[in-house]
Each structure stands twice: as structure tokens, then as C-alpha cells.
1. State the number of residues belonging to the stretch 150-172 that are more than 16 Å from Glu259 (Cα to Cα) and assigned to a strand (DSSP E or B).
2. When you look at Thr227, is it touching a strand residue (DSSP E or B) at 6+ places or on another chain (Cβ under 7 Å) and either at pLDDT below 95 or of a type in the set (Ser, Thr, Tyr) (or both), yes or no?
3. Report, ordered by the first and then the second residue, all pairs with beta carbons closer than 8 Å, sequence separation of six or more or different chains, a first member in the stretch 97-118 that is under 19 Å from Gly46 (Cα atoms), and a second member that is hydroxyl-bearing (Ser, Thr, Tyr) and surrounded by 19 or more Cβ atoms within 10 Å (Cβ to Cβ).
4. What are the residues in the stretch 230-275 that are outside any loop (DSSP other than H, G, I, E, B), farther than 16 Å from Ala186 by Cα, more than 11 Å from the ligand (Cβ to nearest atom) and basic (Lys, Arg), if any?
5. Being free of Cβ contacts under 8 Å to residues at least 40 places away in the same chain and not in a strand (DSSP E or B) is the filter here; which residues of the stretch 44-85 pass it?
6. Pro223 is checked against (1) part of a helix (DSSP H, G or I); (2) surrounded by 15 or more Cβ atoms within 10 Å (Cβ to Cβ); (3) away from the ligand (no atom under 16 Å from the Cβ); (4) not β-branched (Val, Ile, Thr) and fails just one. What number does that condition carry?
7. Which one of Phe229, Phe165 is loosely packed, with under 14 Cβ neighbours inside 10 Å and under 18 Å from the mean Cα position of the chain (by Cα)?
8. What's the total number of residues in the stretch 86-109 that are surrounded by fewer than 17 Cβ atoms within 10 Å (Cβ to Cβ) and outside any loop (DSSP other than H, G, I, E, B)?
Amino acid sequence: MPELPDITVYLEALEARILGQRLEQIRVSTPFLLRTTQPGPDQFGGRSVVGLRRIGKRIAIGVDGDFWAVLHLMIAGRLHWHPSGGKQPGRNILAVFDFASGALSLTEAGSRKRASLHLVQGEDGLRAMDPGGVDVLSADLSAFASALTATNHTLKRALTDPRLFSGIGNAYSDEILHTAQLSPIAMTQKLKVEEIDRLYVATRASLADWTNRLRTDAGAGFPEKVTAFRKGMAVHGRYGEPCPRCETKVQRIRYADNETNYCPKCQTGGRLLADRGLSRLLKQDWPRTMEQLESLVAAHSGGK
Ligand SMILES: [Zn+2]
């Protein structure tokens, strides 16, 4: 799923192409995409783009009159830019935003259609779309620490909870925890002050570094190669491959739909997260979700 670095680079590419441009029309080609009834797509035609914003993992396109089109790409949704006179939108199109200078299309691969479009008006409408997580690039250490420790969760779950932190998902949380050299199943309220400090620095550095890399990759073009699995990632999507820091094989915790990757030497003191007591628990009932894993960890450590 596109996360903060991907969304930021999408927004910059959109700013260069549609900010100040007149939106001719929004064409919605599948009824499941649009999740709101008022305002309708036809109320957006003829209005100029006045702002672009990231709201969590969503992209918000604002036009005159404080009307906003808010896109959530979910896992397989992608944006494409088709300059006018060039190749026009092809297959798997869910929606097209037409401008004089070109067309912005939304596609979604696969059969599970989960991407969404909300059309809203005003700051209240936009706020309703915001899960409320802290923007780590603008938050200071104390705001970061409060969000992190407000409730006792595993680090992996806390970082990916959109109500706590904005725009961080499965891929970049793996990278952040590797940079911070912290275990994905460490409990947030058990962290030492020094560890919270390290996580804060690693979170900002990792997201800023990846945003720069993606920006450089896209160059002047539209970002077309958006994926959760990037060359140069240290652990995410690299199960069984050597950790770039210590060369230990990257390990994983598997769930039904995805997995958490980590280096046992750099992050968990050499411990495989499926060893000893925990593995007895896990063998009987392998967690299907991060939430289930967290309750198993909590039970195993006496609920602390
Ligand atoms: Zn390592």
C-alpha cells in the first residue's frame, strides 16, 4: 500500500501537473469506487485545482469552492498521468480526472476492488477522512513519544496504526524498526527513554530518506513504479536474504495477508520471534493478524 514517501512523491508530481489547472470533469467508471453521495462528481467540473494534501495514506485534491476529491489507493490502486495528445487511459480504470493538459487516471489491479473515492466539501469533510495520526516529520519528540506510549502495543502495530501515526504502513515500519534496531514485538510502554529517542530519529530519517530516493527515481516523470517492495530496502520483502548491516538472514512473522520482516541479530538480540515459549503458543495457533500476535505476546509476558 502506498505510504507517506509514495504519497508525498505522487503529490509533488500532481502539483507540477494540475495545481492551478481547470478540472474539466471527473469520470467514475465503477459505482463501488465512490463512497459518498454529496457533493456529486458533476459539481467538480469547471473548477480549478487550488490545493493538494496528504491525509494519512490518502491523496486529497482540492478545487475552488472548498470541494475535495479524496483518494485512497489501498493495496493495488495506482495513479497515472496521460498528457493530452498522448496515450489515453486503458484497462482497469476506476476513475479519470480530465484536465486540458492531460488526464489523471486511477487503476486497481486484481479482483478485490478496495480503492475508494470520497467527494467532500469544507474542512469538516476533510477532517472526517483523517484517522488523526501524528505527522512524524513535523512532530517533536514529545508529541511522538506521547502517541507511541498512549497505549501499550507492539511497536509494529503502534507504528502502523493510522490513529497514532500518519502514513506509515507495513513496508516502511519494517524499515524504520531495522534502522532503529528495535524488535517489532517490543511493547511500547516498556521502551526505555533512549529507545524512544532512537525510534523517533530512525522514523524521521527513514521516511525522509525514502521520500528522497523515490523523488530521485521519479525525476521529472510521473511516479509509475509504485510498489511496497523497493530495491535497497534492508528487511522488508527480503525474507532469507542477508541483512545489509550484519549479513544475518532476514526473518519473518507471517500473517494471513502479509508478513513482518526483521533481522534477528540487529533487532531482537539474536532471538527468533518464534522460539521457546512463544513458539509453543504460536504453533498451536499461528496468529492471522498483527493484533492476534500482540495478544499472544501480552499473554506470554504475563499481560505486561
Ligand atoms: Zn542485521
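1. 1
2. On the way: touching a strand residue (DSSP E or B) at 6+ places or on another chain (Cβ under 7 Å): no; either at pLDDT below 95 or of a type in the set (Ser, Thr, Tyr) (or both): yes.
No.
3. Phe97/Ser105
4. Arg254
5. Hits for the stretch 44-85 are Gly45, Gly46, Asp64, Ala76, Ser84, Gly85.
6. (1)
7. On the way: Phe165 fails: loosely packed, with under 14 Cβ neighbours inside 10 Å.
From the options Phe229, Phe165, the qualifying one is Phe229.
8. 0
The values are calculated or read from the model by the stated rules, or taken from the named source; none is laboratory data. These figures come from a predicted structure and were not determined experimentally. Using ideal geometry, Cβ is built from the backbone for each residue, glycine included, and neighbour counts are taken over all protein chains shown.
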